Amino acid sequence: MIYDVIIIGSGPAGLSAAIYAKRAELNLIVIEKAGISGGQIINTYEVDNYPGIPGISGFELSTRFREHCDRLDTTFITGEVTGFRLEGDIKVVTMDNGEEYRTKTVVIASGGVPRHLNVPGEDKLSGMGISYCATCDGAFFKNKEVVVVGGGDVAVEDAIFLARICKKVYVVHRRDQFRANKSAVSKLMDMENVTVLWDSVVERINGEDSVESIEIKNVKTQESKQYDVSGVFIAVGYIPNSQVYQNVVATNEQGYIIAGENCETNIPGIFAAGDVRTKDLRQIITAAADGANAITSVERYLNNL
């Protein structure tokens with residue numbers, strides 16, 4: 001069988017694409033790696049910025065997305081994509097069990113994962129005071145003391161955002177100057193409730209049911225100090241799940257698949273949606289919008305075959 005479209009990934013982008021594809025009466029399958037739909041949002045305790053349903057848990061939101069797909073009789077296949085190649089206009093997807101699926105188009109919605117610090121306490125307290133998205137979770141720390149880890153654009157912008165609502169923001173950076181754009185750095189340094197801990201790294205994050213404190217080490221003096229905080233926002237990079245496709249489609253230096261708002265890659269019939277593609281804002285709502293845009297582009301491509 002040759003499908004009209006194979007959607008790889010079942011986060012908000014992939015599920016949205018599936019809904020639009022089924023409504024367009026395309027012949028499709030959705031491939032999900034974990035056997036549970038939702039992507040990263042299933043680990044989010046509370047989602048307060050998705051329109052119309054404030055305060056919903058990430059798990060419940062992902063469940064609603066999946067139920068919508070199920071009502072449309074969407075076919076899901078569980079497994080990991082290990083190979084991807086072109087046979088003329090046909091795209092061939094190889095799975096970890098050796099199965100191969102052929103399709104006219106592919107929507108890569110495989111997402112990505114935040115880069116971790118890999119320090120004691122991080123895994124235990126993830127989602128319990130440790131966040132990798134300040135705009136997603138910052139509101140829950142209003143008038144509290146928090147830490148931002150990182151020195152790039154995202155870290156500085158996160159710190160500015162948090163400083164407007166939090167009592168105190170510590171910024172931990174392993175170097176002695178930021179890599180972020182100068183205007184943002186100037187704005188951050190002018191904020192009275194921000195303290196930058198230069199030449200420093202996180203040694204440990206402490207807490208039982210939630211974050212209670214963090215241990216910071218100065219790499220030059222070797223001095224360690226504990227700070228009592230309620231939240232830790234980690235912004236040290238993001239790893240897109242694009243490795244399988246990098247020999248087929250164009251990616252940037254960070255590994256993101258190069259695609260615009262129409263989700264078209266440099267290869268006709270291959271589209272990228274959600275966190276795996278180059279974009280300025282990675283949120284649930286923008287991922288879902290990508291899914292719709294990707295299928296619109298898929299339909300346009302199929303109509304021209």
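Among the residues of region 155-188, which ones are part of a helix (DSSP H, G or I), buried (at least 23 other Cβ atoms within 10 Å of the Cβ) and either out of contact with any helix residue (DSSP H, G or I) (no Cβ under 7 Å at 6 or more places or on another chain) or not assigned by TED's automatic domain parsing to the domain that holds residue 215 (or both)?
The one that is part of a helix (DSSP H, G or I), buried (at least 23 other Cβ atoms within 10 Å of the Cβ) and either out of contact with any helix residue (DSSP H, G or I) (no Cβ under 7 Å at 6 or more places or on another chain) or not assigned by TED's automatic domain parsing to the domain that holds residue 215 (or both): 155.
Among 58, 112, which is the only one that is within 30 Å of residue 129 (Cα to Cα), in contact (Cβ under 8 Å) with a residue 60 or more places away in the chain and small (Gly, Ala, Ser)?
When all the criteria are applied, what remains is 112.
Select the helices (runs of 4 or more DSSP H) contained entirely in region 40-150, then report the ones holding at least 1 residues which are among the polar types (S, T, N, Q). Break it down into steps so the answer makes sense when it comes.
On the way: elements: 58-71, 122-125, 134-137.
In region 40-150, the matching helices (runs of 4 or more DSSP H) lie at 58-71, 134-137.
Residues in region 1-27 that are in a strand (DSSP E or B) and within 16 Å of residue 95 (Cβ to Cβ): how many?
The qualifying residues number 4.
So which of 196, 236, 211 is buried (at least 16 other Cβ atoms within 10 Å of the Cβ), in a strand (DSSP E or B) and either touching a residue at least 60 places away in the same chain (Cβ under 8 Å) or among the β-branched types (Val, Ile, Thr) (or both)?
The match here is 196.
Looking at 70, 96, 48, which one is of a type in the set (D, E, K, R) and in contact with a helix residue (DSSP H, G or I) (Cβ under 8 Å, 6 or more places away or on another chain)?
48
What are the residue pairs meeting all of these: first residue in region 281-305, first residue modelled with pLDDT under 95, second residue among the aromatic types (Phe, Trp, Tyr), Cβ atoms under 6 Å, and 6 or more apart or on different chains?
Pairs that qualify, where the first residue is modelled with pLDDT under 95 and the partner is among the aromatic types (Phe, Trp, Tyr), are 284/50.
Output the number of residues of region 246-263 satisfying the condition of being part of a strand (DSSP E or B) and within 17 Å of residue 14 (Cβ to Cβ).
Residues of region 246-263 part of a strand (DSSP E or B): 251, 257.
Then keep just the ones that are within 17 Å of residue 14 (Cβ to Cβ); that gives 257.
Adding up the residues that qualify gives 1.
Which of (1) over 30 Å from residue 63 (Cβ atoms); (2) surrounded by 17 or more Cβ atoms within 10 Å (Cβ to Cβ); (3) in contact with a helix residue (DSSP H, G or I) (Cβ under 8 Å, 6 or more places away or on another chain) does residue 265 not meet, given it meets every other one?
Exception for residue 265: condition (3).
Give the residue that is nearest to the chain's Cα centre (by Cα), with candidates limited to residues of region 132-150 that are under 20 Å from residue 197 (Cβ atoms) and modelled with pLDDT under 95.
The qualifying residue nearest to the chain's Cα centre (by Cα) is 132.
The values are calculated or read from the model by the stated rules, or taken from the named source; none is laboratory data. Please read these numbers as outputs of a predicted model, since none were measured by experiment. Neighbour counts run over all protein chains shown; Cβ positions are idealised from the backbone, glycine included.
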